[in-house]
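Report on one structure; see the data block that follows.
Here, each number is a calculation from the coordinates, and none is a lab measurement. For clarity, every value in this text was computed on a predicted model and none was experimentally measured. Cβ atoms come from the backbone with ideal geometry, glycine included; neighbour counts cover every protein chain shown.
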Amino acid sequence: MSKEKKFEFLEHRADVYIKAYGKSLENAFENAALATFETMTEINEIEPKHEETIKLEGFDVKALLYNWLEALLIKYETTEYLYSRFRIKKIEKADNGYKLTANIQGEKFNPKKHPQKVGVKAITYHRMEIIKNPSQTIVKFILDI
């Protein structure tokens, strides 16, 4: 991982509050996914052995972020794959909102290799923000643990 700050964990009493950064909306979404998996395990221990493509939609950009992170959590819950590399090919405006296409890479969960930190139950809309500036995009969201 580069030395550029990708995300940080903000203070929250009961759940995990994350602030992810990116040079673009796509990059901020990628870093939001990294932070989500870092909440669950050490992402540096996840090797990119398996690759998949994800396509999803959202009625607005917040719904797209929610659906993106939820899709990743569902993939983990149903397949036991952890992911550490995320490349969003495109986020585009569509007739009914926005569409996202991404490649994700990871490997099957191995308890001897991947230390378990916190179980993530869900993504929430509570305190979700997307802030677009000319040189940076910031996304904030809460993970229900």
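Here are some notes:
- Between 0 and 90°, nearest 10: helix 25-40 axis offset from the chain longest Cα axis: 30
- For the peptides 132-144, 87-99, 23-35, the ranking by mean Cβ contacts within 10 Å, running from highest to lowest, is 23-35, 132-144, 87-99.
- Most mobile listed residue (79, 124, 41) in the chain, GNM with C-alpha springs under 10 Å: 79
- Estimated distance in nm for a label pair at residue 145 and residue 42, the labels positioned 7 Å out from Cα along Cα-to-Cβ: 1.7
- Gain upon complete extension [residue 108, residue 5; 0.36 nm per residue less C-alpha separation]: 34.4 nm
- Förster radius 22 Å - calculated FRET efficiency between residue 49 and residue 117, Cβ distance, rounded to 0.05: 0.55
- Straight Cα distances below 16 angstrom link residue 121 to the aspartates and glutamates 15, 38, 70, 77, 80, 144, with same-chain residues fewer than 8 positions distant left out.
- The chain, relative contact order [Cα under 8 Å, separation at least 6], %: 31
- With the cut-off at under 15 Å, measuring from each backbone N in the stretch 128-145 to a point 7 Å along the Cα-to-Cβ line of residue 60 picks out 128-132, 140.
- Separation in nanometres of the label points that stand 7 Å from Cα toward Cβ, at residue 101 and residue 24: 1.3
- Which listed pairs, of 19/90; 90/113; 49/90, have C-alpha distances above 30 Å, in listed order: 90/113
- Dipole magnitude of the chain, debye to nearest 20 (Cβ charges: Lys/Arg +1, Asp/Glu -1, about Cα centre): 280
- Folded to 0 to 90 degrees: helix 61-79 orientation relative to the chain principal axis, Cα: 20
- Expected 222 nm ellipticity per residue - DSSP helices of 4 or more, -39500 (n - 2.57), all of the chain, to 500: -8000 deg cm²/dmol
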